[in-house]
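K.L.:
Quick one: structure below, then a few questions.
Where a number appears in this text, it was derived from the coordinates with a stated rule and is not lab data. These figures come from a predicted structure and were not determined experimentally.
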Amino acid sequence: MEVLKAPLASLPDPPDGLGPRAARLWEDIVEEQELRTDELRVLEDACREVDLIERMHAELRDAPLVVKGSMGQDVANPLVQELRQHRALVARLLGSLKLSDEDGEGHDARARSEQARKAALVRWRGPA
């Protein structure tokens, strides 16, 4: 007699329009975590921020790091500050998800959560 297994719950599809790095972040997290609807929204916001960061990074790649300010003085390109702020926002959004590690074991839940956040950040940031 054949034993029928219950179908696995389907994973939420990535939101439309995500770029490759953001889509990979979405898939990495939803494959390893069970997220509530509100947490999925936070993850979507983090993924959209990743896309924005990628676009700004591409613009900055060919732009000068120092530009002229309103008074003619040399100032850092405003994209540098924007990138820093958006990266910090992604870190806060992912941190608010309180991601756990893959096996869910260990004695310190906070350390596991911090480790998972760091792993997720490494995945979306890519090589330096």
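K.L.:
Return an integer: the convex hull volume of the alpha-carbon atoms of region 9-60, in Å³ per residue. Provide the component values of the computation, followed by the final result.
P.N.:
Values: hull volume 3.4 nm³, N = 52.
In region 9-60, the Cα convex hull volume per residue is 66 Å³.
K.L.:
Full extension from Leu79 to Leu35: what is 0.36 nm times the residue separation minus their Cα-Cα distance, to one decimal in nm?
P.N.:
12.6 nm
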